[in-house]
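Notes for the one structure printed next.
The values are calculated or read from the model by the stated rules, or taken from the named source; none is laboratory data. Just so it is clear, the model here is predicted, and its values are computed rather than measured. Counting neighbours? That spans all protein chains shown, and the Cβs are built from the backbone with ideal geometry, glycine included.
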Amino acid sequence: MFPNLIWCAALVALLVALTFGVRAIGRPVLTVAVVHNAIWAGALALIGTNLIDYKTSSTLAWATLATGLVAFNAGAAIISMLLARGRPIRARGWLRTRPTYLTTRPLFFVALGLYAAAFLTYLVSLQLRFGLATILEHPSIIRRAGQHGGVSYLESMPLPARLLLYLGPVLFAILAYGPALDRPFKLPTRIVGLVVVAGTMAALLQRSNLFIAILLVCALYISRPYTERQVAPENTRRGHLAALWARAPRPVRLVASVALLGIVALAAFQGVGGALGKSGQQAIWSGAVSQPLERTGLTAPFQYYTAGTVAFLQMVDATEVQPRKDYDPEPQTWGASTFGLVLKAVPGVPHVDPISPFIDTGVMTNVYTWLAPYYQDLRLGGVLIGSLLYAMLAGWLFIRRNESQTMFWIQAALLATVFLAPFATRLNSALVVTMIVYVAALSLATRWLASRALNRGVLAADLAPEHQEAGRSER
């Protein structure tokens, strides 16, 4: 077996070549390919540093991973050639002026009220079962509830309340992304709202909600249609830094915004993980973590970002190359892993346990990248087909994102899951599916109310011109 460094360097070079290939063949979906390739290249580059002494893997395992990477880029290029024909689809009608508009203030407050009611139900449930002080004093006790056949702390809540808690990422994105509302709140109000919503998601003791919220905001800014560069007006009240920000090229503002959100995500990861006892200490005790990495205090995020890739490679080896005593390979599931959420919702139908077993990669982990369900279903063919179709769906939505605000926000939600490629599949999770439903519901409700008001001949004073035009188009 070759050292991890050689394989990682080869795959990073492959990803660079694939990026230029998509740029030449399928330019309209280049953003989707860049997000996918960059997030994978980052994970591979870190694995190659050997800051964690991960186990080596066979040529077959690395070839299986490479198949998924190539298939995703091929899918993006194919859908671009089939649908876009080299030209991005133009926005229609009122979307040319404000293509990323999602909803109005009144509907936002309705959604906020529903989320607040669900969060209050969550607090009452915790108080009855654990006591509210446990959230601050011993949150790990709450998380461990239900691990041995009992009822978890979230499952003890009514199902409608649990589903409404998934409004958190949508509300966070609306506050963080200014053009999401017809009348955006002032910056101080948005900051306070972001802190409150982020605090409630952290109190759920689930990092996934907060991560998806931040990644959704990143996806919104990345996929936002190009607009003319903003130039700070003369005699402005804004400070010097604000004026420089307004004059900066869009790519600079985009990279800076994503970097800032990345810092927030890292802080949230460290904060919530530390409260739950997930500080990377077990990895350090394994002896696989190098001293330089241990001294940084970033062992946990490093492991979270990189261990899934090695776990997938080890899973392939344990299944097809050499059985292991410490890992029992999952039997081939023939679609049950990929469509687990659907099967779980059907009474009486057996489904795959969404919690994967731990495997020793040098450090223990139970995260296997988003390729794992495809591999468990159809082995190498599943990796090929699953990655190809995922890219085609993401590319199709991205190319058509300017056709409606509903399409724009749905594609952003899907693009947010691409950031999680080295971690786990999220498209088939209740969180992402419910979030997409909420986005579509808010957008369609906004358009329906605008059309209804126009049909009645009532033009509300606070109704945005864009929605008035939307109502006319629907007539």
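Data for the structure
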| read-out | value |
| --- | --- |
| Qualifying position, being over 25 Å from F419 (Cα atoms) and not hydrophobic (A, V, I, L, M, F, W, C), among T365, T333, T338 | T333 |
| Residue in the range 390-404 that is more than 18 Å from S57 (Cα to Cα) and part of a loop (DSSP other than H, G, I, E, B) present | yes |
| Qualifying residue in the range 193-202 (condition: polar (S, T, N, Q), closer than 28 Å to A300 by Cβ and at pLDDT 90 or above) | yes |
| Of the criteria (1) crowded, with 19+ Cβ neighbours inside 10 Å; (2) assigned to a helix (DSSP H, G or I); (3) not aliphatic (A, V, I, L, M), which one G381 fails | (1) |
| L414 being modelled with pLDDT of 90 or more and either within 13 Å of the chain's Cα centre (by Cα) or in the same structural domain as C218 (by TED's automatic domain parsing) (or both) | yes |
| Filter result for the condition that a residue is out of contact with any His (no Cβ under 7 Å at 6 or more places or on another chain) and either buried (at least 17 other Cβ atoms within 10 Å of the Cβ) or over 17 Å from T369 (Cβ atoms) (or both), over A45, A38, A77, A63 | A77 |
| So R207, is it within 20 Å of V264 (Cα to Cα), buried (at least 17 other Cβ atoms within 10 Å of the Cβ), touching a helix residue (DSSP H, G or I) at 6+ places or on another chain (Cβ under 8 Å) and charged (D, E, K, R) | yes |
| Where D353 falls short, out of the listed (1) among the acidic types (D, E); (2) free of Cβ contacts under 8 Å to residues at least 24 places away in the same chain; (3) part of a helix (DSSP H, G or I) | (3) |
| Residue check for Y390: buried (at least 24 other Cβ atoms within 10 Å of the Cβ) and over 20 Å from V29 (Cβ atoms) | no |
| Candidates R92, R143, R87, R98, filtered to the one that is closer than 19 Å to G199 by Cα and modelled with pLDDT under 80 | R143 |
| Qualifying residue in the range 34-51 (condition: within 17 Å of T417 (Cα to Cα), touching a residue at least 60 places away in the same chain (Cβ under 8 Å), part of a helix (DSSP H, G or I) and small (G, A, S)) | yes |
| Inter-residue pairs, beta-carbon under 7 Å, first loosely packed, with under 13 Cβ neighbours inside 10 Å and in the range 272-299, second assigned to a loop (DSSP other than H, G, I, E, B) and at pLDDT 85 or above, 6+ apart | P292/L51 |
| Candidates I25, I39, filtered to the one that is among the β-branched types (V, I, T) and farther than 21 Å from V255 by Cα | I25 |
